[in-house]
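Notes to accompany the following structure.
The values are calculated or read from the model by the stated rules, or taken from the named source; none is laboratory data. Here the structure is a predicted model, which means the values were calculated and not measured. When we count neighbours, we look across all protein chains shown, and the Cβ atoms used for this are built from the backbone with ideal geometry, even at glycine.
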Amino acid sequence: MNIDEITKLIDSLSKFVSALAWPTLVAFLLVRFEPALKNFLQSLGELSFKGAGFEASVKRKQVEATAALVAAAAHRPDSEKPQLAANEAKEAVNLVQDEVTPRVLRKASRSTILWVDDRPENNSYERQSLEALGITFVLARSTDEALEKSKPGKFNAIISDMGRPPDPRAGYTLLDKLRASGDQTPYIIYAGSNSTEHRTEARKHGALGCTNRPPELFEYVLQALRAAA
């Protein structure tokens, strides 16, 4: 992707965020630029929109978060079904447009999240969408490592996958140990299943929520930030 293409993409994204022209963005990102999307996201931070000041900064963060969320949706297993990918892209657009406000950005810039996953590379776009808001991440690959790094009040939220060898229910194992120790940090399970059964069980264990959808994960994190003092 050359600089002219990046500039055109930024311009399209800017218009898209303002006008919610999500079908154009989906086609633009997933069809034309998807192979080079990672390079685009890395380059975006080095560029600026026309204008200056806080408003331009907020808009750029919205665009970065939206682009990363769309990329995350495109890389999930269901992304092979075009309508599902388009629906998640539309949801991502509306969510960022409605929820990413200056107040949220101020809270995010002071927030740190522990993400527990034995394969963190699988969630790189999801993290980029939240890092665009200013959130800092600490990674852990196992339950033991997560317990070593965590203590009450240290993190604004904890995100965990479910199965980690040799424990297929590691997400619940970690959550139960944290709650038994008195740690009430908002806990989100981000795993392969989004069934009603698993969502219900996650809440019974004390989780804020359980999902396999990037926009919903993003929304849970914002919910955790809003609940923080």
Open item on the list: Arg179 - would you say it is in contact with a Phe, Trp or Tyr (Cβ under 8 Å, 6 or more places away or on another chain) and either surrounded by 21 or more Cβ atoms within 10 Å (Cβ to Cβ) or assigned to a helix (DSSP H, G or I) (or both)?
Closed with: no
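This table checks each residue for (1) farther than 19 Å from Glu201 by Cα; (2) surrounded by 15 or more Cβ atoms within 10 Å (Cβ to Cβ).
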{"residue": "Lys107", "(1), (2)": "yes, yes"}
{"residue": "Glu126", "(1), (2)": "yes, yes"}
{"residue": "Glu131", "(1), (2)": "yes, yes"}
{"residue": "Pro152", "(1), (2)": "yes, no"}
{"residue": "Ala170", "(1), (2)": "no, yes"}
So the helices (runs of 4 or more DSSP H) completely within segment 60-161 holding 3 or more residues that are more than 16 Å from Ala228 (Cβ to Cβ) are 82-99, 124-131, 143-149
Selection over segment 151-195 where residues are of a type in the set (Gly, Ala, Ser) and in contact with a helix residue (DSSP H, G or I) (Cβ under 7 Å, 6 or more places away or on another chain) yields a count of 5
Just one listed residue, out of Arg106, Arg110, Arg127, is out of contact with any Asp or Glu (no Cβ under 9 Å at 6 or more places or on another chain), at pLDDT 90 or above and over 30 Å from Ser142 (Cα atoms), and it is Arg106
- Determine, yes or no, whether Glu80 is of a type in the set (Asp, Glu) and modelled with pLDDT of 65 or more. no
Counted residues in segment 162-195 being over 25 Å from Arg226 (Cα atoms) and polar (S, T, N, Q) come to 3
When segment 146-168 is checked residue by residue, the ones that are charged (D, E, K, R) and either more than 15 Å from Thr211 (Cα to Cα) or outside the structural domain of Leu217 (by TED's automatic domain parsing) (or both) are Glu148, Lys149, Lys151, Lys154, Arg164, Asp167
* Asked: Taking the condition of a type in the set (Gly, Ala, Ser) and within 23 Å of the chain's Cα centre (by Cα), does Ser160 pass?
  -> yes
Discussion item. Suppose the filter is touching a residue at least 12 places away in the same chain (Cβ under 8 Å) and more than 19 Å from Ala68 (Cβ to Cβ); does Ser195 pass it?
Written reply: no
Note on segment 192-214: residues surrounded by fewer than 17 Cβ atoms within 10 Å (Cβ to Cβ) and either under 18 Å from Glu121 (Cα atoms) or of a type in the set (Asp, Glu) (or both) are Gly192, Glu197, Glu201
